1. Given contacts defined as C-alpha pairs under 8 Å and at least six residues apart, what's the relative contact order of the chain, whole-number percent?
2. Any idea how far the Cα center of the range 204-272 sits from the one of the range 482-527, in Å?
3. Could you give the size of the charge dipole of the range 351-418 about its Cα centre, using +1 on the Cβ of each K and R and -1 on the Cβ of each D and E, expressed in debye and rounded to the nearest 20?
4. Can you give the accessible area of Thr119 in Å² (nearest 10), computed on protein heavy atoms with a 1.4 Å probe?
5. Calculate the dipole size of the chain relative to its Cα centre from +1 charges on Lys and Arg beta carbons and -1 charges on Asp and Glu beta carbons; express the result in debye to the nearest 20.
6. Positive end of the charge dipole of the range 458-519 (Lys, Arg +1 and Asp, Glu -1 on Cβ, about the Cα centre): tell me which of Gly461, His481, His503 has its Cα farthest that way.
7. Keeping all protein chains in the complex and leaving out DNA, RNA and ligands, what accessible area do you get for Asp569 with a 1.4 Å probe, in Å² to the nearest 10?
8. Quick check: with the 1.4 Å probe, what order do Lys92, Lys24 take by accessible area, largest first?
Amino acid sequence: MTTEPTEEIVLHGISGSQGICIGKAYLVDREGVDVIERYNIDNKDVDKELKRFKGAVNKAKNELSGIIEDIPEDLRQHAYILETHLLLHKDKMLYGKTIELIKNEQINAEWALKKASATAKSVFKNISDPYLQARAADIEHVCDRILRHLMGTVDVNISGINKRVILVANNLSPAETSQIQLNRVMGFITDRGGKTSHTSIIARTLEIPAVLGLERATALIKNEDLIIVDGNEGIVIINPEEETLVRYEELSRRYEAYKKEEVRRGELPATSADGKHFRIMGNIELPEEVVAVKDHGGDGIGLFRTEFLYLSRIDFPGEQELFDQYKEVVELMSPLPVTIRTLDINGDKEIESMPSPEEANPALGLRAIRFCLKNPEIFKTQLRAILRASAHGYVRLLLPMISGAEEITECIRILDQAAAELEQEGLEYNRDIEVGIMIEIPSAAVMADLLADMVDFFSIGTNDLVQYTLAIDRGNRHVAHLYSPMHPAVIRLIRHVVDAGRHKGKKTYMCGEMAAEPMHLPILMGMGIEELSMAPQSIPKIKNLIRKINVSEVEKLMDTLLQQSSVQDMERIIMDAYGELLNEDIYGK
Ligand code: PEP
Ligand code: MG
């Protein structure tokens, strides 16, 4: 038998999730749904066709519900993605439009659905925001599932794979990705998809290497081909030569050792080289994420974003439901602190239960605390649930989007009312609960010296503080290059807040993305921000860096930094002093 000579091919894509794996390719075959016939149906058969379509939608929904029920524990926090898909099955743009097309154009259900989905996808694709653009993929995944039921083709059963492989697919849906079993799948690569796709978000949670957007992977790779997936560089190598293989085996070993060591050392306290202690906390959106915070050595929850319990539903959650969720988180973390932030909806997170009015500038509109103060009953229900949870561990209450003193006064009035009610009803709560405000609007930052008298702590939300200080929409890719937490104006504002708080004996924490970026760390330590909160996966890296930095040295650098007038100069000074430390070699020595 002669074997064909194989040539090494290198493909460049987008890194969806870090890490390296080497193994046999397993092509996820999705034949059948790409070729769709168009045919007309007789007037008398329209009802039959509608019934066939509705039947396929129901089957697709039931199948997805089954997947949601079986979703493994560590991916539970992503179940909302699939629940959104479930809602899409009956979406007006998709479901309503297909029915309309079958009736009006008398065409077959497959073609009608394809047409409806093309229109719906183009709506998303034309939005400039990359996150929303990527949502076109969600529509496609939902349509594919319905189409498979209409055409009787088989779905890929990823949970049925019984050897350790690397998945190669044109596109993997979040539902398929959630079925990945880590003892069977080492990593995956796809022709389509990008960094903000839900598929790569799930890959990062699974902590398996993934490269997306390769375009020709399924065309070039055959089943059982040997491939290398380099999720660090976004590269895939097909049929590697012996030399390449040896090199990547070594890199993979070194990267694994580096990660293991990083997580292991993440368990150690975040104490600087000169002995100053910092607390590195986790940001969570769902109770299930508490495990990730603990596994990555978090010192507590610095931001529990509560809006996700209000999204994707048609009613508002009641007090008991909220209380149960908060209590679970608080008890799991006890005695460590859990900072529960009250509802921050609208802006970019609209809730279905109360669509917001048309707003030309939603980021400047009826968002967060403004919505809550306009709907005091909804606000009070949440405050009662938070207060009740405070009897079960260490809870801090955090108010978002505060712009000035009047809002704090009004919030405290409603909080006092909620406490008085609980008192009367004989329900337990912590009477000394710490109340803090997010500093994310420049007016609050400027007024920090006076606001400090009204609250127990500040938490700086840099995602919004940068947006509002520099007048840069945080979701607009056309101005993304101008969005920098290292802008001297932002640094000066933060410095003012920390100092103003300190003079009044109040602590300032940080929970925006700025806290998770190694390059920003020296400056935050130099300003004396002792508590930083971030996505759980970032905790070990930041803790390990803190242990290598001398606070007294960065403090000396602060005066120079505060005299700079540009982002570039700020970054240059930081890199001159800490570049070697910050550019740590992920492959170790
Ligand atoms: C922030 O603005 O920095 C923040 C943490 O809040 P969110 O990202 O939820 O607006
Ligand atoms: Mg914010």
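The values are calculated or read from the model by the stated rules, or taken from the named source; none is laboratory data. The shown structure was predicted, so the numbers you read here are calculated from the model rather than taken from an experiment. All Cβ positions, even for glycine, are placed from backbone atoms using ideal geometry, and neighbour counts span all protein chains on display. Ligands, DNA and RNA are stripped out before the accessible areas are found, and what is left, the full protein with its side chains, is counted by its heavy atoms. Shrake-Rupley method; radii C 1.70, N 1.55, O 1.52, S 1.80 Å.
1. Numbers: 1094 pairs, mean separation 84.3, N = 589.
Relative contact order for the chain comes out at 14 percent.
2. Cα centroid of the range 204-272 versus Cα centroid of the range 482-527: 34 Å apart.
3. Working: 8 positive and 8 negative charges, 66 e Å.
The dipole magnitude comes to about 320 debye.
4. For Thr119, solvent-accessible area is about 70 Å².
5. On the way: 69 positive and 93 negative charges, 99 e Å.
Dipole size: approximately 480 debye.
6. Projecting each Cα onto the dipole axis, the largest value belongs to His503.
7. Roughly 50 Å² of Asp569 is accessible to a 1.4 Å probe.
8. Values: Lys92 175, Lys24 95 Å².
Sorted by accessible area, descending: Lys92, Lys24.
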